[in-house]
Structures are given as C-alpha cells and as structure tokens.
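Notes to accompany the following structure.
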Amino acid sequence: MTVETIKHLNINPAIVKALDTQGIYQLSPIQAQSLPSALEGRDIVGQAQTGSGKTLCFVIPALEKIDVTRFCTQALFLCPTRELADQVAEQCRSAAKHIANLKVTTLCGGQPMGPQIQSLKHSPHIIVGTPGRVMDHVQKRRIELNDVKLRVLDEADRMLDMGFEDDLRIIFGPMQSDVQTLLFSATFTEHIERVATQYLRNPITCKVESADSKPAIEQIGFNVLSHTRTQALKAVLTHYQPKNAIVFCNRKVQVTEVVDALVEEGFSAAGLQGDMEQHARTAVLMQFASDALQVLVATDVAARGLDIDDVACVINYTVSEEPETHIHRIGRTARAGAQGMAVTLVSEEEEHFLRKIEVLQESDIPLKGAQSLRFHKNKISQPDFTCISLSAGKKQKLRPGDLVGALTKDAGIPGDDVGKIAVQNSMSFVAVKARSVKRAMAQFREGKIKGKRVRARKL
C-alpha cells in the first residue's frame, strides 16, 4: 500500500493529532519516500529543495524514538544557521504539542551562553543547534551525547560550505556506532557524498526533483569575427549586466588576454587557469564566491570541481570543441531552480561545433549578429563586496561566528554588510560591503579575535 497520508504511517496518535490541528494530512513527495524507511530505523540521504516539507522527515522519527521518561538527550538536529535551527525547533515543538514532558532546546551561536547552560542542566530530549555552538558545549562537557538515538544533518550542503566538517567530527565522537543518521541536502556534491560515506550505514537515498528545479537556462549565440570577439564580450557584459559571470576559454593564453582586456576597460575580472599556484587560485575563487568579483575567466580544466552557486551568466568566449563540455559549462548557472543565462560567441569556423552541441541537447541555440550589441562603458558595474583574507583558520580554532562577532559587535559593522565567510585550515575569508571595509580592516589591524591578532589583507 502506498503511504500517502500521515495516518498511513501508524505513528503515535499524539503526533497525528498535533499535525492535524496544523492542517497537515497529506505527505509531500520527500516525506512519502523517506518516512517509512526512517521509521524503520534506516539511515537516509534525502535530496529536496527548501520548502519540500523535509523537516517532518526527521521530526516524526525522532519523536517516535524518544522515551520521555528518560531524562537524557536522545535526538540531535544540526542546522547551518540560527534562523533554520529556530524554525526546526518550532516545528518540533508543534508536532510534540500533545506529548507530555518532552523538552526541546535550541543551541545557536550569537545567543547568550548563560540560559543555554541552565537549559542543559535539565537534559533536553532533543537539541537543535548550529555545529559551532553545539561543539562548544560538547567540548566543555555540558552535553552528554552517548544516549543519542537519532542525529540529523539538515541542509548539509550549506553546513559543509560554511566549514563545519571538523565540528561534526567532534560532535559525533561520543555517540554510539549504531546511531541512526538522517542527512538532507538540496544538492548532492562530492563533499556530501564523502560525509555520507563516513557517517551513514547503508543509507536509503530519497530524491525529489520538483518540476521547477530543472535548469531554466536561456541560451543565445552571437556571430563574431576573430578580431571582434573581445569587444563582443564587453558588449554582452554591459548589455545584459549580469550580477556575475563565468567566461570560459578553450586555452590558457586566452584567459590572460581576456582578463587584461576587461581589467583595462574597468571591469572587475580575474582569471583561473592550470598554471596558477593553489593560494592564488583559492583567493580568486573566494572573491568570486563572495560576490567580490564580477567576472571569472577560466579554462575548463581550471574550472573542474568548482561548486559555486548563484552564477547569473555563463559566457562561452570560444565554443567548446566537445559538446559535453558545453553542457557542463552552462550547468554552472540556473542552480537550485534559479534562472540563468548562457551566451556563446561563435565565429564562422566554430559553427560546426555549435551544431554538435545542438544535436546533443536536442534544442537550437538562436544566433544573432554581434553588431546588435553595444558596449556601454558607463554601465560597467562593480561588486557590492570586498573579500578580506585572514591569516588564521581552523587550526587556530577560528569559526565563522568568531568573525561575525568581531565585525558586528566589536567593530559595529551592520550585519547586512557582512557577506559570505569561509574558514579553511590555516586561513579564512570574509566578504564585507565596500562602505564597511575600512572599519573591518581597522578592527583586524588593531583588535583581536579569540584573544589573538590576525593579519588581514584585501584581495
């Protein structure tokens, strides 16, 4: 029998009653796929977009497992952000509304430690938190996790992007080997696969792709001559004015030439090619990922393994000679249901490569004359953020929350002016809006983070 409704799950009537009062009867596709196996105790890897109802995929199994007469932590939900943790905790409390004496505690960074410490003295049944703060409490022995029956990684892709993998190792250390693990992620990267292999046992994979999650890429081509290609690229950038763009070249020498031409004209651009040293490559990638660089120019080899969301536009400076490479290139845009654009500059000699691409993707790429585009120098835009590199990272016990605190509390920088943060082994990167860069640099120069001074430089 197909499981379609909450009542089909044969769970605690108190949970059914609570969900009933919220108007939740039918199971969403990800719930229908994952809940029967999760309730049987199986590990789950679930892939579904935000808003798919995945929170109940782990809240219901957790509530089913918990023995409220035992005053110990029996379920742990880890979320990448405080906002998500608060939402998850609220949904957990709502679903447990008619289960007497069940206690849920939220542990997140940016909140006072005192109330959290007091709450932990009474051993909550369920802890919902961000990895950094949960790890803090684990290391100070305020939490006992050896009785945890179920653990959850929610929005695991975002969690790993934020550099929390080492925190997970510390948090999961005290747990029993037979703990049930549920992992949910909007994307399934190699990073996610590695973590799943490390912490999950023979997981069931549940994947739901909504109709609107398929890439929505608008493709267009422009005929160019060899000597008008660079000018056409500049015209494309000012005509469509994408927030950011990746420009793909077939050869390394083209990357250098294109970057030089764009920078000379006033664009915010940098190159990525195989001869670069790792530290230089990392700096460029961090700038682009943190919206501190508008145009990334790259060869296909250098761009392998890139995992950057929210790329507005892909521009093929030269047509790929392999049709599969073209598909891979344009797949950098329109991720997670977003709209995207792919522009291809095509010379007469390259048109036969374009035909092969059209056959492979089973759709035509409309071609226009590049003379229909005009380059407008006054429409060259600059990035909203500046990326700052810091000489400390995980080895120095630095975490994203430490940087947020130093900038917002100590330097008084508005929270909206602090962008993406990446903490690596021995260095970190933080994006700051242009108007707050001076204050940020002064804070790093004159202040301390976790009692230590760090060197900072603008990229």
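Within the stretch 351-459, which trypsin sites (Lys or Arg not before Pro) sit in a loop by DSSP and count at most 15 neighbouring Cβ atoms inside 10 Å?
Hits after loop and neighbour filter: R374, K397, K448, K450, R453, R455.
What ranking of R151, R169 emerges when the number of other C-beta atoms within 10 Å of each C-beta is taken as an exposure proxy, fewest first?
Final ranking by Cβ density, sparse to dense: R169, R151.
Can you classify the chain as rounded, prolate or oblate using the Cα gyration tensor, where a ≥ b ≥ c are the square roots of its eigenvalues, rounded means a/c under 1.5, and otherwise it's prolate if a/b beats b/c and oblate if not?
The shape class here is oblate.
Once you have a ≥ b ≥ c as the square roots of the Cα gyration tensor eigenvalues for the stretch 344-399, tell me rounded if a/c is under 1.5, and otherwise prolate or oblate according to whether a/b is larger than b/c.
Taking the square roots of the gyration eigenvalues as a ≥ b ≥ c, the stretch 344-399 is oblate.
Checking the a/c ratio against 1.5 first, then a/b against b/c, what shape does the Cα gyration tensor give for the stretch 385-458?
prolate
How long is the gain from R435 to D364 if the chain were fully straight, where each residue apart is worth 0.36 nm and the alpha carbon distance is subtracted?
Once the chain is fully extended between R435 and D364, it gains 21.1 nm.
Step through the table entries K368/K458; K97/K409; K379/K433; K103/K433; K103/K420, compare each Cα-Cα distance with 30 Å, and write down the pairs that go over it.
Long pairs (Cα-Cα over 30 Å): K368/K458; K97/K409; K103/K433; K103/K420.
Can you figure out the FRET efficiency of A100 with D300, using R₀ = 51 Å and their beta-carbon distance, to the nearest 0.05?
My answer for the efficiency is 0.25.
So for the stretch 6-211, taking the charge dipole from beta-carbon charges (+1 Lys/Arg, -1 Asp/Glu), which of P29, I60, C79 sits furthest toward the positive end?
Positive-end residue among those listed: I60.
Could you name the lysines whose alpha carbon sits less than 17 Å from that of K395, not counting residues in the same chain fewer than 8 places away?
Filter leaves K448, K450, K452.
Charges at C-beta only: +1 for Lys and Arg, -1 for Asp and Glu. How large is the resulting dipole of the chain about its Cα centre, in Debye rounded to 20?
The calculated dipole for the chain is roughly 2200 debye.
In sequence order, what are the phi-derived ³J(HN,Hα) couplings for the stretch 363-374 according to the Karplus relation 6.51 cos²θ - 1.76 cosθ + 1.60 with θ = phi - 60°, rounded to whole Hz, with x for glycine and proline?
So the J values, rounded to whole Hz, are 7, 7, 10, x, 10, 10, x, 5, 5, 6, 9, 10.
Which order do Y317, Y199 fall in if you start with the one that has the fewest other Cβ atoms within 10 Å?
With the fewest neighbours first, Y317, Y199 line up as Y199, Y317.
Note the count of lysine pairs whose C-alpha atoms are less than 30 angstrom apart in the stretch 124-278, limited to pairs 8 or more residues apart or on different chains.
Qualifying lysine pairs in the stretch 124-278: 7.
If each DSSP helix of 4+ residues adds -39,500 (n - 2.57) and the sum is divided by the residues in the chain, what number results at 222 nm, nearest 500 deg cm²/dmol?
Value at 222 nm, helices only, nearest 500: -10500 deg cm²/dmol.
For L107, L272, what ranking results if the residue with the fewest other Cβ atoms within 10 Å of its Cβ goes first?
Going from sparsest to densest Cβ surroundings: L272, L107.
Here, each number is a calculation from the coordinates, and none is a lab measurement. As the structure is a computational prediction, the values presented were derived from the model and not from experiment. Ideal geometry is used to build each Cβ from the backbone, glycine not excepted, and the neighbour counts take in all protein chains shown.
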